[in-house]
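Structure first, then comments.
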Amino acid sequence: MAVENASGRALRVGIAGLGTVGVGVVRLLEENRDILLQHCPWPIEVTAVSARDRRKNRDVDLSKYDWCDDPVALADHPKVDVVVEVIGGASGPAKALIEKAIANKKHVVTANKALLSAHGTALARSAEQAGLALAYEAAVAGGIPIIKSMREGLAANRIEHVYGILNGTCNYILTQMRETGREFADVLGEAQQLGYAEADPSFDVDGIDAAHKLSILTAVAFGCEVDFAGIRISGIRNVSAMDIEYATELGYRIKLLGLSRLTERGIEQRVHACMVPQNALIAKVDGVYNAVVTQGNFVGQNVAIGRGAGQGPTASAVVSDLMDIARGRILPAFSAPAETLKKIPAAPEGSHVGPFYLRMMVVDRPGVIAEVAAIMRDENVSLESMIQRSRSPGDRVPVVFTTHETSQAQVTRVVEKLGKVSAVVEPPHVMSIEQLS
């Protein structure tokens with residue numbers, strides 16, 4: 001049964017934001033109109049739009065739509081049944097628009113991961129109390145229908161963990177570093193020129209964008225409240241060409257991953273550069289592609305790979321949500337009704353256990369390795385392997401260790417002590433080694 005709307009003839013859409021995604025939604029609805037009509041009980045039609053600059057050339061005809069200078073006005077528009085919010089930002093006009101749309105009994109489709117990571121639980125409660133959709137397939141992994149997959153296709157399973165490559169910019173940079181041997185800053189500049197990275201790339205390269213997405217995936221996976229503050233976040237700025245080279249020698253590739261699992265001590269959520277075995281499927285996902293891996297207790301492992309951003313993939317995700325609303329498929333925003341979402345604490349900091357990679361630059365002199373090994377012995381950290389390049393005495397030389405399973409807290413203490421060793425000439429670089437299949 002189709003969702004009711006005032007017109008009885010079409011699902012009428014107001015779009016807030018006419019950047020890459022908003023324009024993509026307009027184009028998709030126009031160009032694929034015949035395809036949508038095969039699947040929906042009535043047409044999905046744009047009736048009103050809003051953006052900051054009415055005069056900007058967007059290479060699409062907007063003259064037939066009502067224009068609202070204030071995006072929040074779309075929530076009051078009499079010819080809008082569904083508000084599509086693609087403005088962005090965790091607060092401001094985006095939040096005001098969504099809150100008012102729900103208050104005015106209008107469904108909401110958003111691509112705004114930052115807003116959902118900050119206010120997703122509260123917005124879901126409001127929407128569900130009003131019997132409305134809060135849909136956000138486009139907020140996580142672009143063209144990969146991972147929210148629908150987890151919330152519907154895997155709903156009969158207990159999700160044991162979820163992890164993935166959630167930021168195409170970082171994946172592109174790490175791929176180029178591995179393939180060309182160049183350093184981070186050089187590849188970042190190229191990514192900016194090609195449009196894969198923003199002028200201010202902080203949200204991407206420092207792991208914030210991936211963490212926004214991970215907080216949403218975690219809520220869907222474990223039926224819990226969104227907890228962005230509980231994520232341990234670091235990015236890829238400290239990954240060097242040397243680390244990429246050593247990873248290859250050791251049989252690994254470096255990826256920025258978001259990882260989430262439910263433990264006895266709470267939910268462990270991490271976003272950081274880590275090493276994964278070269279034969280792991282996720283190690284082979286390169287360039288701007290995203291990948292999400294889920295593990296269900298009955299279905300086993302599921303892997304979804306696709307483009308995580310861009311006009312076409314993101315617009316496709318937005319319109320898939322609109323199609324669900326037109327079909328009357330109004331589901332809880334997360335895997336369970338908002339009123340039943342559990343408040344699960346974050347696992348204690350430093351509780352992650354696994355093998356680690358440590359690289360340090362030391363002055364090549366007698367006794368240095370023994371001093372380093374003594375520190376690790378005192379912290380009960382067991383070494384699996386060591387790589388040391390021979391140079392002339394007195395030179396700076398890289399030394400790499402990999403450990404057997406140990407806790408993040410133990411490794412942190414080792415790094416603190418190594419920082420006080422006079423022969424260690426720069427802060428040691430640490431990465432977890434994730435034994436993924």
Residues of the stretch 383-435 being in contact with a His (Cβ under 7 Å, 6 or more places away or on another chain) and β-branched (V, I, T), in sequence order, are none
Flagged pairs (Cβ under 6 angstrom, 6 or more apart or on separate chains; first in the stretch 88-102, farther than 16 Å from A133 by Cα; second of a type in the set (D, E)) are A94/E85
Only one of A48, A94 is small (G, A, S), at pLDDT 95 or above and over 21 Å from H212 (Cβ atoms); which?
-> A48
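Conditions (1) under 30 Å from L37 (Cβ atoms); (2) in contact (Cβ under 8 Å) with a residue 60 or more places away in the chain; (3) not assigned by TED's automatic domain parsing to the domain that holds L29, marked per residue:
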residue	(1), (2), (3)
R237	no, no, yes
Y252	no, yes, yes
Q278	no, no, yes
I282	no, yes, yes
D286	no, yes, yes
A317	yes, yes, yes
M323	yes, yes, yes
A326	yes, yes, yes
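A quick yes/no check of all residues on (1) under 34 Å from the mean Cα position of the chain (by Cα); (2) at pLDDT 95 or above; (3) in the same structural domain as V271 (by TED's automatic domain parsing):
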residue	(1), (2), (3)
L383	yes, no, no
I387	yes, no, no
G394	no, no, no
V397	no, no, no
E405	yes, yes, no
Q410	yes, yes, no
V421	no, no, no
V424	no, no, no
Counting only residues in the stretch 253-265 that are out of contact with any Cys (no Cβ under 9 Å at 6 or more places or on another chain) and at pLDDT 95 or above, the one surrounded by the fewest Cβ atoms within 10 Å (Cβ to Cβ) is identified as R261
Of the candidates S126, S63, S91, the one satisfying the condition of being surrounded by fewer than 24 Cβ atoms within 10 Å (Cβ to Cβ), hydroxyl-bearing (S, T, Y), out of contact with any Ser or Thr (no Cβ under 8 Å at 6 or more places or on another chain) and within 22 Å of T314 (Cβ to Cβ) is S91
Residue set V220, V239, V226, V271; condition outside any helix (DSSP H, G or I), modelled with pLDDT of 95 or more and in contact with a Lys or Arg (Cβ under 8 Å, 6 or more places away or on another chain); output residue V271
A155, sole failed condition from (1) of a type outside the set (S, T, Y); (2) out of contact with any helix residue (DSSP H, G or I) (no Cβ under 8 Å at 6 or more places or on another chain); (3) outside the structural domain of T263 (by TED's automatic domain parsing) | (3)
Mind checking which strands (runs of 3 or more DSSP E) fall wholly inside the stretch 339-437 and carry at least 1 residues that are of a type in the set (D, E, K, R)?
-> 356-363, 383-388, 396-403
Is at least one residue of the stretch 115-136 in a strand (DSSP E or B) and either at pLDDT below 95 or within 24 Å of D227 (Cβ to Cβ) (or both)?
-> yes
What number of residues within the stretch 19-39 satisfy the criterion of being at pLDDT below 95 and assigned to a loop (DSSP other than H, G, I, E, B)?
-> 1
What pairs can you find where one residue is in the stretch 337-357 and within 21 Å of L123 (Cβ to Cβ) and outside the structural domain of A219 (by TED's automatic domain parsing), the other is of a type in the set (S, T, N, Q) and at pLDDT 95 or above, and their Cβ atoms are less than 8 Å apart, with a gap of 6+ or different chains?
-> A338/T121; L341/T121
Check N290, N302 and return the single one that is under 24 Å from H212 (Cβ atoms), in contact (Cβ under 8 Å) with a residue 12 or more places away in the chain and more than 17 Å from the chain's Cα centre (by Cα).
-> N302
Checking G142 against (1) small (G, A, S); (2) under 21 Å from L257 (Cβ atoms); (3) surrounded by fewer than 21 Cβ atoms within 10 Å (Cβ to Cβ), which test does it fail?
-> (3)
Which one of these does A317 not meet: (1) closer than 30 Å to D81 by Cβ; (2) modelled with pLDDT of 95 or more; (3) more than 17 Å from the chain's Cα centre (by Cα)?
-> (3)
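The values are calculated or read from the model by the stated rules, or taken from the named source; none is laboratory data. Small disclaimer: the values here were computed from a predicted structure and weren't measured. Please note: Cβ atoms are built from the backbone with ideal geometry, for glycine as well, and neighbour counts cover all protein chains shown.
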